[in-house]
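Q: What follows is a single structure, and I will ask about it in a moment.
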Amino acid sequence: MVPTLVHGIFVAVRIVDRGFEDFNILYKVFLGIFVFGVLVMSLCMFLFVRVVEGVVMICCFLVLIWFAIQGYSYAKNDFYIRPLWQVINVILAFLVVISAAVVSIFKDDLASYAGVSFSLMTLLLVFWLYALM
């Protein structure tokens, strides 16, 4: 997982820094390794873990991709996000934070404190991403 994420971070930083101009073969390879790694991790979640955890993993990837796109848009537009997108991002962050607590209520093998812990960890991640931006 770590090499995949490192490749993704290198590509993201490169795109934010210079855009797609002079996007040489090294970064195309990094992008390919990142996409391949994400696909293999997703496939492994469905093969080796229960389907519910696989769906959760896919949702986490989609949320991370959404925040990456928003971060790129934020940097590309001279660090400005339209108010509509700000509201959408706040609502999405709220739903992501609350979802862990709601899932823990309905899953028998998760204790309620585990759901609250996951919610607070997610809230910390959202604040961390917000601070980075």
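Computed from the coordinates by the stated procedures, all read-outs in this text should not be read as laboratory data. Since the structure is predicted, the reported quantities are computational estimates derived from the model, not experimental observations. Cβ atoms come from the backbone with ideal geometry, glycine included; neighbour counts cover every protein chain shown.
Q: Of the listed values (1) 1.03; (2) 1.19; (3) 1.26, identify the label whose number matches Cα Rg over 2.2 N^0.38 Å calculated from this model.
A: (2)
Q: If you don't mind, another one. Each label point is 7 Å from the Cα along the Cα-to-Cβ direction; what then is the distance between the points at Phe127 and Ile9, in nm?
A: 2.1 nm
Q: Separate question: Work out how much length Ile25 to Val116 would gain on full extension: take 0.36 nm times their residue separation and subtract the Cα-Cα distance, in nm to one decimal.
A: Gain in length upon complete extension: 28.3 nm.
Q: Also, quick follow-up: Through the Karplus equation 6.51 cos²θ - 1.76 cosθ + 1.60, θ set to phi - 60°, convert the phi angles of the range 93-98 into ³J(HN,Hα) values in whole Hz; use x for Gly and Pro.
A: Karplus-based 3J(HN,Hα) across the range 93-98 equals 4, 4, 5, 5, 5, 6 Hz.
Q: Counting other C-beta atoms within 10 Å, and keeping those with at most 15, which DSSP coil chymotrypsin sites (Phe, Trp or Tyr not before Pro) do you find in the range 51-133?
A: Phe79, Tyr80
Q: Separate question: Among rounded, prolate and oblate, which fits the range 63-133 when a ≥ b ≥ c are the square roots of the eigenvalues of its C-alpha gyration tensor, a/c under 1.5 means rounded, and a/b larger than b/c means prolate?
A: Numbers: a/c = 3.32, a/b = 2.61, b/c = 1.27.
Note, shape of the range 63-133 comes out prolate.
Q: With unit charges on the beta carbons (Lys and Arg positive, Asp and Glu negative) and the dipole taken about the Cα centre of the chain, which residue among Val90, Leu62, Phe79 sits farthest to the positive side?
A: Result: Phe79.
Q: With +1 on each Lys and Arg Cβ and -1 on each Asp and Glu Cβ, and nothing else charged, work out how big the dipole of the chain is about its Cα centre, in Debye to the nearest 20.
A: 120 debye
Q: Quick one: angle between helix 25-48 and the longest Cα principal axis of the chain, in degrees between 0 and 90, rounded to 10, please.
A: On a 0 to 90 degree scale, this one is about 10.
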